[in-house]
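Nothing in this text is a laboratory measurement; each read-out follows from the coordinates by a stated rule. Quick caveat: nothing in here was measured; it's all calculated off a predicted structure. As a convention, Cβ positions derive from the backbone with ideal geometry for all residues, glycine included, and neighbour counts pool all protein chains shown.
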Amino acid sequence: MIPRQKSALRYCVLTAALLFSIGALAQSDDADKNLNKPESPVILPSPVTKNNLLSFYVSPTTSMDFAIDAKSVTVTDDGVVRFALIITSPSGANNISYEGIRCSSGEKKLYAIGQLNGSWSPARRDIWEPIFDHGSNRYHAALAKDYFCESGVVAGKAEVITERLRKKKTLR
């Protein structure tokens with residue numbers, strides 16, 4: 001290659017790298033815009049009722065049953081899907097929680113624990129934590145991947161999400 005061609009090739013490679021970097025930064029800014037917004041105020045839902053429960057599949061290795069209270073599902077302005085979750089053991093014991101999933105960061109947050117009398121107790125540790133697709137907390141990954149999130153954004157309004165759960169029509 002002659003020196004002029006080498007110079008032109010270097011220029012093209014550097015220009016392409018610069019344009020790629022600018023594009024990646026723009027995408028990153030779009031994905032992070034919800035992370036920089038203050039979180040919407042938390043309004044705890046009404047007590048969970050069996051008539052509103054929508055079950056969902058988690059994995060063949062769990063003996064627990066998982067369901068969401070359809071009336072509790074909300075999508076906030078800052079891109080968080082909030083929901084009341086009911087986990088039932090084979091013996092019939094229930095764990096009730098009010099949680100959120102932030103699609104843009106792949107994180108989950110516990111807001112409150114449901115009580116037998118229908119009231120809510122605020123969570124002691126209400127921080128955003130990563131969602132892992134294994135182990136005992138795989139149900140967050142199942143909700144995020146199958147019903148709530150698509151390409152890092154919320155996949156529809158609350159009504160669309162609950163209808164998807166009702167029909168057991170997953171995103172993938």
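Work out how much length residue 167 to residue 50 would gain on full extension: take 0.36 nm times their residue separation and subtract the Cα-Cα distance, in nm to one decimal. Extending this stretch completely gives an extra 40.4 nm.
How far apart, in nanometres, would the label points at residue 124 and residue 153 be if each is projected 7 angstrom from Cα along the Cα-to-Cβ direction? Going from the residue 124 label point to the residue 153 one covers 4.0 nm.
Candidate cross-link partners of residue 37 among the aspartates and glutamates, defined by an alpha-carbon separation under 19 Å and a same-chain spacing of 8 or more, comprise 29, 77, 78, 99, 107, 126, 129. When 66, 148, 132 are sorted by how many other C-beta atoms sit within 10 angstrom of their C-beta, beginning with the fewest, the order is 132, 66, 148.
Listed from fewest to most Cβ neighbours within 10 Å, the set 105, 72 follows the order 105, 72.
The ellipsoid equivalent to the alpha-carbon distribution of region 50-167 has semi-axes of 20, 16, 15 angstrom, derived from the gyration tensor eigenvalues as √(5λ) and listed largest first. Residues 172, 166, arranged from fewest to most other Cβ atoms within 10 angstrom of their Cβ, appear as 172, 166. Entry for region 81-147 at q = 0.12 Å⁻¹: log10 I(q)/I(0) = -0.32, Debye formula applied to identical alpha-carbon scatterers, no solvent contribution. Annotation: extensible slack from residue 113 through residue 93 equals 5.8 nm (criterion: 0.36 nm per residue apart, minus Cα-Cα distance). Remark: spin-label model distance residue 62-residue 77 equals 3.3 nm, labels positioned 7 Å along the Cα→Cβ axis.
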